[in-house]
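The values are calculated or read from the model by the stated rules, or taken from the named source; none is laboratory data. Everything numeric in this text was worked out from a predicted model, so none of it was measured. As a convention, Cβ positions derive from the backbone with ideal geometry for all residues, glycine included, and neighbour counts pool all protein chains shown. SASA here: full protein model, heavy atoms, side chains in, ligands and nucleic acids out. Shrake-Rupley method; radii C 1.70, N 1.55, O 1.52, S 1.80 Å.
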Amino acid sequence: MDLDFVQLGDTGLQTSEIQFGTWRFGKETEEGNLEIDEPRAHELLDAYADHGGRFIDTADVYGGGTCEEWIGDWLADRDREAYTIASKIYWQIREGDPNSRGTNRKNVRHRIDALLDRLGTDYVDVLYIHRWDDETSAREMMKTLNGLVEDGRVHYLGTSTLVPNEWKVAKANQIAREEGWEPFTVAQPRYNLVDREIEGGYLDMADDYGLAVCPWSPLGQGFLTGKYSRDEGLTGESRAAESSRFREAYLTDENFDVLDELRTVADEVDATIAQTAIAYHMAHEGITAPIVGARTVDQLEENLGAAEVDLSAEQVERLREAKGGPYSDI
Ligand SMILES: NC(=O)c1ccc[n+]([C@@H]2O[C@H](COP(=O)([O-])OP(=O)(O)OC[C@H]3O[C@@H](n4cnc5c(N)ncnc54)[C@H](OP(=O)(O)O)[C@@H]3O)[C@@H](O)[C@H]2O)c1
């Protein structure tokens, strides 16, 4: 099974219908172990690429920078041009230094050089702002980001999260339009069958500005797989379940109702629960490509199998309705 290409919103770029997220590469657990170490990271990247996967999502803070270094080491033996690499900047990197956070010109210019160095490449295909910086004007941010596109270090600009403050993205894109600068063309919000906040104005905004929508946590950090049950809780292994915040947010009766419907639809289409949850994104008109995570190669290969699952309009509707609206038509 090989992944297909999809158009990245209104850009001219074709890229993978399922993107691979590397958030857990080099991430330390509370016991001081790594959730995913370098050999495992490279196995996962190999498996993704072997199935035709070409879109790798990272951020400059993942693993404190080691995630990008490991991707860079892996890319060094590959044809870099064949891959779409997205990274993100925003979070503070030096204690006590407010300029080392956000989208002020000094920080953006420093961060892009540092991340390109770690990735061992001259450019990233997409540079996201990881969060919105209220201390820097939209004009300063867009002018600085436009400079990175003009000098070739960045191909496209992306914006992450920001629900329900999507008006800020609209404002920034309006400034860019008026000035002839590069606007945001890619959006990366959280979205999955139990986290539905983008179904209000966010998807409408993205549609209006022609933004590609590439959601993170399409599996609700593993909740929308077969390993949680209403009666027994976690029945397999999970890093997310170690967090009380995750347990309180996800292990609710309302969410287990969604999981019940997901299980029913999965049986109907002869797919796994995780595949069906991902296939839902692929059937959704307003979604470009989900960013899927995996801790093991088995999980990743299962997840990529979603590309072969077709859901009917009626099944998509039932999945949507399993957790009450509001949801948009897009
Ligand atoms: N922009 C942002 O602010 C932001 C925020 C979060 C994530 N992201 C991006 O989005 C990517 C994906 O996010 P995510 O990791 O939350 O995505 P996810 O796909 O919802 O969850 C991935 C996790 O679910 C579990 N899992 C995956 N496949 C499974 C399977 N087949 N069976 C059982 N368990 C499975 C694994 O954890 P366990 O095995 O430990 O349960 C895995 O680490 C990240 O890597 C990152 O690139 C961006």
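If the condition is being of a type in the set (Gly, Ala, Ser) and more than 20 Å from Leu75 (Cβ to Cβ), then segment 1-46 contributes Gly9, Gly12, Gly32. In segment 115-146, which residues are in contact with a helix residue (DSSP H, G or I) (Cβ under 8 Å, 6 or more places away or on another chain) and small (Gly, Ala, Ser)? Matches in segment 115-146: Gly120, Ala138.
Of the residues making up segment 8-35, those that are more than 13 Å from the ligand (Cβ to nearest atom), over 16 Å from the mean Cα position of the chain (by Cα) and not in a loop (DSSP other than H, G, I, E, B) are Gln14, Glu28. Just so you know, in segment 144-158 the residues that are of a type outside the set (Phe, Trp, Tyr) and touching a residue at least 40 places away in the same chain (Cβ under 8 Å) include one that is farthest from Leu119 (Cα to Cα), and it is Thr144.
Per-residue answers, yes or no, for (1) in contact (Cβ under 8 Å) with a residue 60 or more places away in the chain; (2) aliphatic (A, V, I, L, M); (3) assigned to a loop (DSSP other than H, G, I, E, B); (4) open to solvent by less than 80 Å² (accessible area, probe 1.4 Å):
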{"site": "Pro39", "(1), (2), (3), (4)": "no, no, no, no"}
{"site": "Asp46", "(1), (2), (3), (4)": "no, no, no, yes"}
{"site": "Gly53", "(1), (2), (3), (4)": "yes, no, yes, yes"}
{"site": "Ile56", "(1), (2), (3), (4)": "no, yes, no, yes"}
{"site": "Cys67", "(1), (2), (3), (4)": "no, no, no, yes"}
{"site": "Trp74", "(1), (2), (3), (4)": "no, no, no, yes"}
{"site": "Gln92", "(1), (2), (3), (4)": "no, no, yes, no"}
{"site": "Lys106", "(1), (2), (3), (4)": "no, no, no, no"}
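With respect to the conditions (1) farther than 26 Å from Ala306 by Cα; (2) touching a residue at least 40 places away in the same chain (Cβ under 8 Å), Gly9 lacks only one, and its number is (1).
Thr58 falls short of the stated requirement of being modelled with pLDDT of 95 or more, hydroxyl-bearing (Ser, Thr, Tyr) and out of contact with any helix residue (DSSP H, G or I) (no Cβ under 9 Å at 6 or more places or on another chain).
Return the only residue of Ser160, Ser229 being on the phi < 0 side of the Ramachandran plot, among the small types (Gly, Ala, Ser) and in contact with a His (Cβ under 7 Å, 6 or more places away or on another chain). Just a single option satisfies the conditions, and that option is Ser160.
Cβ-Cβ contacts under 9 Å between residues 6 or more apart (or on different chains), taken from a first residue in segment 228-254 that is more than 21 Å from Arg196 (Cβ to Cβ) and in a helix (DSSP H, G or I) to a second residue that is within 15 Å of the ligand (Cβ to nearest atom) and acidic (Asp, Glu), are listed as Glu242/Glu30. No other residue among Asp298, Asp310 is among the acidic types (Asp, Glu), open to solvent by 40 Å² or more (accessible area, probe 1.4 Å) and within 11 Å of the ligand (Cβ to nearest atom) apart from Asp298.
The set of residues in segment 1-40 being among the aliphatic types (A, V, I, L, M) and over 16 Å from Ile85 (Cα atoms) consists of Met1, Leu3, Leu34, Ile36. Scanning segment 201-223 for residues that are near the ligand (Cβ under 7 Å from one of its atoms) and aliphatic (A, V, I, L, M) yields a single hit, Leu219. Just one of the numbered conditions (1) outside any loop (DSSP other than H, G, I, E, B); (2) of a type outside the set (D, E, K, R); (3) within 12 Å of the ligand (Cβ to nearest atom) is not true of Ala289: (1). Summed over segment 226-284, the residues that are open to solvent by less than 60 Å² (accessible area, probe 1.4 Å), more than 16 Å from the ligand (Cβ to nearest atom) and among the charged types (D, E, K, R) give a count of 1. Selection of segment 115-168 for residues being open to solvent by less than 10 Å² (accessible area, probe 1.4 Å), away from the ligand (no atom under 16 Å from the Cβ) and under 13 Å from Val186 (Cβ atoms) yields Leu145, Val154.
Residues in segment 177-197 that are farther than 24 Å from Ala266 by Cα and buried (at least 21 other Cβ atoms within 10 Å of the Cβ): Pro183, Phe184, Thr185, Val186, Ala187, Gln188, Pro189.
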